[in-house]
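Engineer: To start, I am sharing the structure in question, which I have written as structure tokens.
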Amino acid sequence: MLKVGSAFSGVGMWELGLKYLDIKHQVLFMCENDKFPIKSYQAIHGEVKNYGDITKVKGNEVPDIDLFVYSPPCQAFSIAGKGLGVDDPRGVLFFDAARIIKHKQPKVAIMENVKALTNSGHKDTFAGILKTLRDLGYKNYWKILNTKDYGVPQNRERIFIVSIRKDIDKGFSWTKPFDNGVRLKDLLEDQVDDK
């Protein structure tokens, strides 16, 4: 069974994806410090050990894992925000996730963030992230994916970095885009209350 750790866990969409794919797994820990997503996470996934604020987590205190999934806050890089990058305290939280990766050496670590992380204003930060992961012993595969190309009726581009430990890396290929025909209009209700 796949042993999973999650950081910046939100409501646990990575975990839900594993469930929908029918991948046998056990989430051994999460790191989330916002009380509202924690409540939702527990309603969806049940009780999972929560270490809370990732900046206070020592990498060696969490259990050993096979897969580490993390989505650091994107506001520091998003074009909808101020774009302060590493000058915003949220813009350096990747390095707290890297501390867990360093100590636990999961077979695979997968990160998701906004496309703007790869833009010219943040290219040095992005290069630094990839270098940090390489230095920790991982081969990185990254790509910008759009949800509309994978069955979700929403135009939402995100960067994904799949990091595979070099001692087990045999390459990685991305799932081919597909159109399942579902559009936003198919999901909207015809009659809605004025409120």
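Engineer: Please state which of the following conditions residue 95 fails to meet, knowing it meets all the rest: (1) more than 21 Å from residue 131 (Cα to Cα); (2) surrounded by fewer than 19 Cβ atoms within 10 Å (Cβ to Cβ).
Structural biologist: Of (1) more than 21 Å from residue 131 (Cα to Cα); (2) surrounded by fewer than 19 Cβ atoms within 10 Å (Cβ to Cβ), only one is false for residue 95: (1).
Engineer: Restricting to the range 75-109, name every residue that is among the aliphatic types (A, V, I, L, M), part of a helix (DSSP H, G or I) and touching a helix residue (DSSP H, G or I) at 6+ places or on another chain (Cβ under 6 Å).
Structural biologist: Scanning the range 75-109 gives 86, 92, 98, 100.
Engineer: Suppose we filter 49, 19, 82, 58 for residues that are more than 27 Å from residue 116 (Cα to Cα) and at pLDDT below 95; which single one remains?
Structural biologist: So the residue among 49, 19, 82, 58 that is more than 27 Å from residue 116 (Cα to Cα) and at pLDDT below 95 is 58.
Engineer: Among the listed residues 146, 140, identify the single one that is within 17 Å of the chain's Cα centre (by Cα) and closer than 21 Å to residue 104 by Cβ.
Structural biologist: Checking each option against the conditions leaves just 140.
Engineer: What are the pairs with Cβ atoms under 6 angstrom where one residue, in the range 28-52, is within 15 Å of residue 96 (Cβ to Cβ) and the other, located anywhere, is of a type outside the set (Lys, Arg) and open to solvent by 60 Å² or more (accessible area, probe 1.4 Å)? Sequence gap at least six, or different chains.
Structural biologist: Within 6 Å, the pairs are 52/33.
Engineer: While we're looking at this one, here's another question. Those residues that are open to solvent by 80 Å² or more (accessible area, probe 1.4 Å) and either of a type in the set (D, E, K, R) or within 18 Å of the chain's Cα centre (by Cα) (or both), I need them from the range 116-137; list them, please.
Structural biologist: Hits for the range 116-137 are 123, 124, 131, 134, 135.
Engineer: Which one is modelled with the highest pLDDT among residues in the range 138-150 that are surrounded by fewer than 16 Cβ atoms within 10 Å (Cβ to Cβ) and out of contact with any Phe, Trp or Tyr (no Cβ under 9 Å at 6 or more places or on another chain)?
Structural biologist: 146
Engineer: Could you check the range 151-171 and list, in sequence order, the residues that are touching a Phe, Trp or Tyr at 6+ places or on another chain (Cβ under 9 Å) and either open to solvent by 90 Å² or more (accessible area, probe 1.4 Å) or within 15 Å of residue 112 (Cβ to Cβ) (or both)?
Structural biologist: The answer is 159, 160, 161, 162, 163, 166.
Engineer: Please work out which residue is surrounded by the most Cβ atoms within 10 Å (Cβ to Cβ), limiting yourself to the range 16-74 and to residues that are basic (Lys, Arg) and not in a helix (DSSP H, G or I).
Structural biologist: 49
Engineer: State the number of residues belonging to the range 98-114 that are within 17 Å of residue 142 (Cα to Cα) and either among the hydrophobic types (A, V, I, L, M, F, W, C) or surrounded by fewer than 19 Cβ atoms within 10 Å (Cβ to Cβ) (or both).
Structural biologist: 8
Engineer: Could we say that residue 60 is over 17 Å from the mean Cα position of the chain (by Cα) and over 30 Å from residue 188 (Cα atoms) here?
Structural biologist: yes
Engineer: While we're on this one: Suppose we filter 186, 124 for residues that are under 19 Å from residue 76 (Cα atoms), charged (D, E, K, R) and free of Cβ contacts under 8 Å to residues at least 40 places away in the same chain; which single one remains?
Structural biologist: Only one candidate qualifies: 124.
The values are calculated or read from the model by the stated rules, or taken from the named source; none is laboratory data. Since this is a predicted model, take the numbers as computed values, not measurements. Please note: Cβ atoms are built from the backbone with ideal geometry, for glycine as well, and neighbour counts cover all protein chains shown. When the accessible area is computed, the model is the full protein with side chains, heavy atoms only, and any ligands, DNA or RNA have been set aside. Shrake-Rupley method; radii C 1.70, N 1.55, O 1.52, S 1.80 Å.
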